[in-house]
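The values are calculated or read from the model by the stated rules, or taken from the named source; none is laboratory data. Keep in mind that what you see is a predicted model, and the values were worked out from it rather than measured. Ideal geometry is used to build each Cβ from the backbone, glycine not excepted, and the neighbour counts take in all protein chains shown.
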Amino acid sequence: MKKAVHFGAGNIGRGFIGLLLGLSDYEVVFVDVNEEILAALNKNNRYKVLEVGGAEEKEYTVNNVRGINGKEISTVAKEIADADIVTAAVGPNNLKFIAPAIAEGLKIRLEKARPTELNIIACENAVKASTELKDYVYQNLDENLQEKADLYIGFPDSAVDRIVPPQEITESLEVKVEPFKEWIVDQTQFKGEIPEIEGMNLTDNLVAFVERKIFTLNTGHCGTAYMGYYKGYQYIHEAIKDEEIYKTIKEALMESGSSLIEFYGFDEDTHKSYINKILKRFENPALMDSVTRVGRDPLRKLGAKDRLVKPASRAVEMGKFPTNLAKCIALGFLFDVDGDEAAQKIQDKIEKEGIERTLEAVTGLAPEGDLGQEVLKQYKELLDNL
C-alpha cells in the first residue's frame, strides 16, 4: 500500500487532505503534537468524515490511518524516508516548525544509493506555501544535500479550498465539512511521476487560481466576519443573511473580481458565478462557523499582501475605487475580540499611536493616500455608529 505522511491531524487535515489521500488508497500517517488525537488515531485506525449542508448528507470512512508525535524527529524522519508523498495542513505560520523533521527524513532518503523522487505539498491558505516550506527545509540541509534534493524532491505549490469549522474532538475523530472542495496543484513542480489522488486537480497557472481563491473566498469570508462581528452576529451563516452585509460583501467581491478578471483574463460570467457560489457556501447553517474564528488574527489578515488590502490596492492601481473593500478593511480595525492576541495588539496600538499610524503599520497603506483616506473615513463613521 502507498504511504502518505501528512502533517496536521486537526479538523482540516482529517476532513480534507487526509480524506482525499484515504480515498486514493494511501495509508495516511498523521504527524501532530496533540496526544488526544494521536491516541484516537492509533486506537481506531480509522475515522469518519461527514459532508453536511448539501442536498444530502454524505459519510466517508477513512481507513488505514495512524499517528506519530511531531516532537519525535527521528520517528517522523523514518516515515518520510520511505513515504510516497508528504502533505501538510498546519497553518502558514507553522511551516518552519515542521521543516527540521522533513529535512531529517530527506537526509535518510537522499543518502541511499538510488534515491527515489518525493513530492511535498503544503496545503495552506497562502501563495507559494510549498516553496516557503522548501526554503525552511533547505536551511536544515547542507549544500550537497540541497543539490541532491533539487534532483529528487519536488515542492509543488497548491491552492486549497474547503470550509472545515472548529469542532470538539471526540474519540471517534468524526469531522464535519462542507460539500465543496478544491485542491489545485502546480503540475510543473512535481518530481517524477505525478501521483493520482482523488480530488487533486493540476494546472500550469497556479498563481491565478491561488489568487482567485484567496481574493474571493477568503476576502468574502473575512469581510463577512468583520462586518458580522460589528453588527453583533455570532455565526457566518447568520451574518450573510443580513441584507446590508450581503450587499457589501458581494460588491466587495465584485471589486476584487474585476481586478482578477483584468489581471488574469478570467471569464467575467464564470467569475460572477464563482462569487455567487461562494456566497451560497457562507449560508450553510450546518457548519456553525463563528465570526470570531473566521476573523481571527487580523494583524495577518489586514497585511499588505493578504486578502483585503492586496485586492483593494490592485483595484486602485487599475483605476478603480474599492469602496466596499475599504469598508471591510476599516471593520477589521474594529474587530476587538477578547482572547484574540493579534486583535488586541491592534487595539493597543490604536490607543497608543492613533488609527492613522496603526493603519500604516498594519496594512502598509499611506494615511494620506486615496485608499488610506477612504479606510480612515469609513473607520471613523463606523466608530461613531457603534
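Just a few scattered comments:
- Scanning the range 167-184 for residues that are out of contact with any Ser or Thr (no Cβ under 9 Å at 6 or more places or on another chain) and among the hydrophobic types (A, V, I, L, M, F, W, C) yields Ile169, Leu173, Val175, Val177, Phe180.
- Residue in the range 5-28 that is modelled with pLDDT of 95 or more, among the hydroxyl-bearing types (Ser, Thr, Tyr), on the phi < 0 side of the Ramachandran plot and part of a loop (DSSP other than H, G, I, E, B) present: yes
- Qualifying residue in the range 359-370 (condition: touching a residue at least 40 places away in the same chain (Cβ under 8 Å), surrounded by fewer than 17 Cβ atoms within 10 Å (Cβ to Cβ) and not in a loop (DSSP other than H, G, I, E, B)): yes
- Within the range 346-358, the set of residues being loosely packed, with under 15 Cβ neighbours inside 10 Å, of a type outside the set (Asp, Glu) and in a helix (DSSP H, G or I) comprises Lys352, Arg357.
- All positions within the range 319-331 that are in contact (Cβ under 8 Å) with a residue 60 or more places away in the chain, assigned to a loop (DSSP other than H, G, I, E, B) and either of a type in the set (Lys, Arg) or over 12 Å from Thr248 (Cα atoms) (or both): Lys320
- If you filter the range 284-300 down to residues that are in a helix (DSSP H, G or I) and under 14 Å from the mean Cα position of the chain (by Cα), you find that the one that is surrounded by the most Cβ atoms within 10 Å (Cβ to Cβ) is Gly295.
- Some residue of the range 127-148 being surrounded by fewer than 21 Cβ atoms within 10 Å (Cβ to Cβ) and modelled with pLDDT under 95: yes
- Looking only at the range 1-18, and only at residues there that are over 15 Å from Val33 (Cβ atoms) and of a type in the set (Gly, Ala, Ser), the one that is farthest from the chain's Cα centre (by Cα): Ala4
- The residues on offer are Asn94, Asn144, Asn140, and the sole one that is within 16 Å of the chain's Cα centre (by Cα) and more than 24 Å from Ile197 (Cα to Cα) is Asn94.
- Test for Asn125: is it touching a residue at least 60 places away in the same chain (Cβ under 8 Å), touching a strand residue (DSSP E or B) at 6+ places or on another chain (Cβ under 9 Å), polar (S, T, N, Q) and farther than 22 Å from Glu196 by Cα: yes
- Filtering the range 140-152 to residues that are part of a helix (DSSP H, G or I), in contact (Cβ under 8 Å) with a residue 40 or more places away in the chain and of a type in the set (S, T, N, Q) leaves nothing.
- Comparison of Val137, Val164 shows that the only residue that is among the hydrophobic types (A, V, I, L, M, F, W, C) and assigned to a loop (DSSP other than H, G, I, E, B) is Val164.
- Taken over the range 105-151, the criterion of being among the basic types (Lys, Arg) and farther than 29 Å from Lys301 by Cα is satisfied by Lys107, Arg109, Lys112, Arg114, Lys148.
- Qualifying residue in the range 39-52 (condition: closer than 24 Å to Glu182 by Cβ, within 22 Å of the chain's Cα centre (by Cα), part of a loop (DSSP other than H, G, I, E, B) and in the same structural domain as Thr170 (by TED's automatic domain parsing)): yes
- Looking across the range 91-123 at every residue that is assigned to a loop (DSSP other than H, G, I, E, B) and in contact with a helix residue (DSSP H, G or I) (Cβ under 6 Å, 6 or more places away or on another chain), the one that is surrounded by the most Cβ atoms within 10 Å (Cβ to Cβ) is identified as Cys123.
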